[in-house]
């Protein structure tokens, strides 16, 4: 029988490749048997570093309710009322099998986007850690075999990187459509609601550089060559 865990914010990882450490999480026995980690039943829980100071004052239920307001393709699965009804998730080739998990990841990134970062990898590590922390709150509605926790983190990194690219592409395409212009300068004031205006202006400036334009051209040519 598999040992299942419900991962939580208190189970924050300090990852090395296939090597993970967990802290500040108490273990309890699940009703099905085996050890699980639970954020709500850890009396010693302390809020770790977040994207900014104001996030530290949010209640877990508030974050969950906020994520459930997402509409359209970013809509995830609501938190089950009965916590014994958590949803089992699985991974294949560093990819979440269940489509609603990437939707939750995208919604979380948009909800806590706070910086002019053109790529996920360009984010400072503490910011990426903050996104992981935030997602673990949402992930409290999911459960998976304890042995798969490392794979879950790897799948999260891959999915986050891919979805971040999609988010930036969509933002640029929408700005181009709204401004009816190919000029990046005209994209100002046409950013998506989840990006603050000062961050959007910084991103527009970056996309208007020769370096970015050349890299975008090369990437497009490579995609065409690969069919």
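Just so it is clear, none of the values below were taken in a lab; they were calculated from the coordinates. Note that this is a predicted model, so its numbers are computed, not measured. So basically every Cβ, Gly included, is an ideal-geometry build from the backbone, and we count neighbours across all protein chains shown.
Per Stokes-Einstein, at 10 °C and 1.306 mPa s, what whole-number D in µm² s⁻¹ belongs to region 134-177, with the Kirkwood radius over Cα pairs as the hydrodynamic radius? Walk me through the intermediate numbers first.
Working: Rh = 12.4 Å.
Translational diffusion coefficient: 128 µm²/s.
If I stretch the segment between residue 93 and residue 189 completely, what's the gain in nm (0.36 nm per residue apart, minus their alpha carbon distance), one decimal?
Difference between extended and current length: 30.6 nm.
How many angstrom lie between the Cα centre of region 159-227 and the Cα centre of region 92-134?
When both Cα centres are located, 18 Å separates them.
Just want to confirm a number: the relative contact order over region 169-211, from Cα pairs under 8 angstrom separated by 6+ residues, in percent.
Relative CO of region 169-211 lands at 34 percent.
Report the full-extension gain for the segment residue 179 to residue 147: residue separation times 0.36 nm, less the Cα-Cα distance, to one decimal in nm. Don't skip to the end; give the middle numbers.
Details: separation 32, 0.36 × 32 = 11.52 nm, distance 4.94 nm.
Between residue 179 and residue 147, full extension yields 6.6 nm more.
Across region 127-227, how large is the tail of the calculated P(r) beyond 18 Å, expressed as a percent of all Cα pairs?
Result: 61 percent of Cα pairs exceed 18 Å.
Would you kindly state how much longer the chain becomes between residue 216 and residue 121 on full extension, computed as 0.36 nm times their sequence separation minus their alpha carbon distance, in nm to one decimal?
Between residue 216 and residue 121, full extension yields 32.6 nm more.
Using the Kirkwood formula on the Cα atoms of region 77-177, what hydrodynamic radius do you get, in angstrom to one decimal?
The Cα-based Kirkwood calculation yields 14.5 Å.
With a cut-off of 8 Å between alpha carbons and a minimum separation of six or more residues, what is the relative contact order of region 78-160 in percent?
50
So for the pair residue 162, residue 201, with labels modelled 7 Å out along Cα→Cβ, what separation do we get in nm?
3.6
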